[in-house]
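Structure record follows, encoded as structure tokens.
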Amino acid sequence: KGHGKAGKKSKKARAEGSAEGEAAVPAVRLFSRDGAAVAEEVPNAAAWQDGAVLHIGDARYRVERNPPALTELRLPRSLLAGFPVCPKVSAEFAAPQHCLFRWFREQRPAGGGDAAGEAWVETAAAERVFTPSNALVGLRLKLRCTPGDGEQRYGPAREVESSGPVEAGPGACTFDARHLYTKKVCDHGSVRAVSYNILADTYAQTEFSRTVLYPYCAPYALEIDYRQNLLKKELAGYSADLICLQEVDKSVFVDSLAPALDAFGLEGLFRIKEKQHEGLATFYRRDKFSLLSQHDITFSEALFSEPLHKELCEQLAKYPLVQEKVLQRSSVLQVSVLQSTIDPPRKLCVANTHLYWHPKGGNIRLIQIAVAMSHIKHVACDLYPNIPVIFCGDFNSTPSSGTYSFISSGGIAEDHEDWVSNGEEERCSMSLSHPFKLLSACGEPAYTNYVGGFHGCLDYIFIDKNALEVEQVIPLPSHEEITTHQALPSVSHPSDHIALICDLKWK
């Protein structure tokens, strides 16, 4: 194209009787890696090879096709001593695991005082994740990243500086003692599963949360940047193979959790609730599992549009008040089918959900869980016959509830008291059943949610007891640890829920 334009220009110059036009067109030639001239009739795909040299007049340009390049490099806003700093790295024709990382700290000025600002000292760290020590409190960090593609090709480096200095950490956290049990990833015959409602920022940052729900929590400890530091350290320290999270803000997933857990070998999937800015996230360890398929649904949509739920839908139509409430909810179910990378015939159906929250919403939760069980049956019995199920989530249901009873026993009678959880006018009696033999892997703890006005067990990891067994349950923090700062969340715990963790193995 350039050649053509130059040709037109020189013709015009000649037409005007000027000799300058001739001199303005430099010679353009392409030479292969070994120095041979590339003929003009050679097709582009063959002509433009890595290492070829383009001559334009006296200038020389080395040809690189699709060179590794960074499209984004960002550090978190809040840096705490003792907590992992996980940069967000996006690249084209490169992968974060093949990039080179060099970390720098600000030069501390002689004689104390404030940091000098522009003089940087390289640290010994050369990994993607850097954990600043207490010695770096008060100093800013800088990261230099060189993008690579795994084939010894590297692109131009970029640098990013932290917006603020490293701050002191909170000291002991509720999860520190739990990490003693989870230092290593389990062997390939076992699976470590985590289920955790991480408290969405969209709920933590309201005036109601600060003054009514969590008045005991220091305002800075409710800030998203602060909580993310705790969360990333907590989750990374569990060395999990599967992590099912609830109340995940979309921006937290994209900018914080996915990049951080990616650095620790976990791949993330996200499903948002349409009416909220939060949803569900499922992470799986890349060297243990690959993703075969996803089967996510919104309960209200699936109930009224999928033939699978036709019978339940017809029964619900008899109760218009309840039907309307079910329709209004935006609760979702995330279902992922994973395949073992070591033993490919071994597959898992991993389900993750967060049911309706209202204390009087037992009847709504029963409808939601009935839809969930039918959908999981379709995936784990029809699409992938006889694959084991792991069903995690915040079920907003105590062990004495109809929902818990239905999941663990396989059925519920039409006269169960939860059908009238919101009074007689919203009664919707029906009997339900499902074919699975499910067991709560972590049992029935005294509580998994501990706030000022309530504590109770609402979260579970249900497993298919025909195919899986519990190897160990990681103990929950002690009551003293939970109540050190009155209740949750706190400066040492990022959520109002507690993570459930267990090691499972195939029977």
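Among the residues of segment 388-408, those identified as within 11 Å of residue 439 (Cα to Cα) and surrounded by 21 or more Cβ atoms within 10 Å (Cβ to Cβ) are 389, 390, 391, 404, 407. The lone criterion from (1) in contact with a Ser or Thr (Cβ under 8 Å, 6 or more places away or on another chain); (2) of a type in the set (D, E, K, R); (3) not assigned by the TED database to the domain that holds residue 501 left unmet by residue 232 is number (3). Determine which single condition residue 357 fails, assuming it passes every other condition in (1) under 26 Å from the mean Cα position of the chain (by Cα); (2) without any contact (Cβ under 8 Å) to a residue 40 or more places away in the chain; (3) not in a loop (DSSP other than H, G, I, E, B). Only one criterion is unmet by residue 357, namely (3). Report yes if some residue within segment 193-206 is closer than 16 Å to residue 252 by Cβ, among the charged types (D, E, K, R) and assigned by the TED database to the domain that holds residue 277; otherwise report no. Yes, there is a match, as at least one residue in segment 193-206 is closer than 16 Å to residue 252 by Cβ, among the charged types (D, E, K, R) and assigned by the TED database to the domain that holds residue 277. Look at residue 172 and say whether it is buried (at least 20 other Cβ atoms within 10 Å of the Cβ) and part of a loop (DSSP other than H, G, I, E, B). No. Within the bounds of segment 259-273, is there any residue that is in contact with a helix residue (DSSP H, G or I) (Cβ under 6 Å, 6 or more places away or on another chain), among the aromatic types (Phe, Trp, Tyr), buried (at least 16 other Cβ atoms within 10 Å of the Cβ) and farther than 23 Å from residue 380 by Cβ? Looking for residues that are in contact with a helix residue (DSSP H, G or I) (Cβ under 6 Å, 6 or more places away or on another chain), among the aromatic types (Phe, Trp, Tyr), buried (at least 16 other Cβ atoms within 10 Å of the Cβ) and farther than 23 Å from residue 380 by Cβ, one finds at least one in segment 259-273, hence yes. Residues of segment 430-456 that are open to solvent by less than 30 Å² (accessible area, probe 1.4 Å), assigned to a loop (DSSP other than H, G, I, E, B) and under 18 Å from residue 366 (Cβ atoms): 430, 434, 436. When residue 67 is tested against (1) farther than 30 Å from residue 96 by Cα; (2) assigned to a loop (DSSP other than H, G, I, E, B), exactly one condition is not met: (1). Take residue 240 and decide whether it is under 15 Å from the mean Cα position of the chain (by Cα) and without any contact (Cβ under 8 Å) to a residue 24 or more places away in the chain. Against the criterion (under 15 Å from the mean Cα position of the chain (by Cα) and without any contact (Cβ under 8 Å) to a residue 24 or more places away in the chain), residue 240 does not qualify.
Residue 151 passes every criterion in (1) surrounded by fewer than 15 Cβ atoms within 10 Å (Cβ to Cβ); (2) of a type in the set (Asp, Glu); (3) under 24 Å from the mean Cα position of the chain (by Cα) apart from (3).
Filtered by the rule that a residue be of a type in the set (Val, Ile, Thr) and either more than 18 Å from residue 283 (Cα to Cα) or in contact with a Gly (Cβ under 6 Å, 6 or more places away or on another chain) (or both), segment 343-374 gives 353, 364, 367, 369, 371. Taking every residue in segment 464-488 that is under 18 Å from residue 437 (Cα atoms) and open to solvent by less than 70 Å² (accessible area, probe 1.4 Å) and pairing it with any residue that is at pLDDT below 95 and of a type outside the set (A, V, I, L, M, F, W, C), at least 6 positions away or on another chain, the pairs with Cβ-Cβ distances below 6 Å are 467/507.
The values are calculated or read from the model by the stated rules, or taken from the named source; none is laboratory data. Keep in mind the model is a prediction, meaning the values are calculated, not measured. Ideal geometry is used to build each Cβ from the backbone, glycine not excepted, and the neighbour counts take in all protein chains shown. Accessible surface areas use protein heavy atoms only, side chains included; no ligands, DNA or RNA. Shrake-Rupley method; radii C 1.70, N 1.55, O 1.52, S 1.80 Å.
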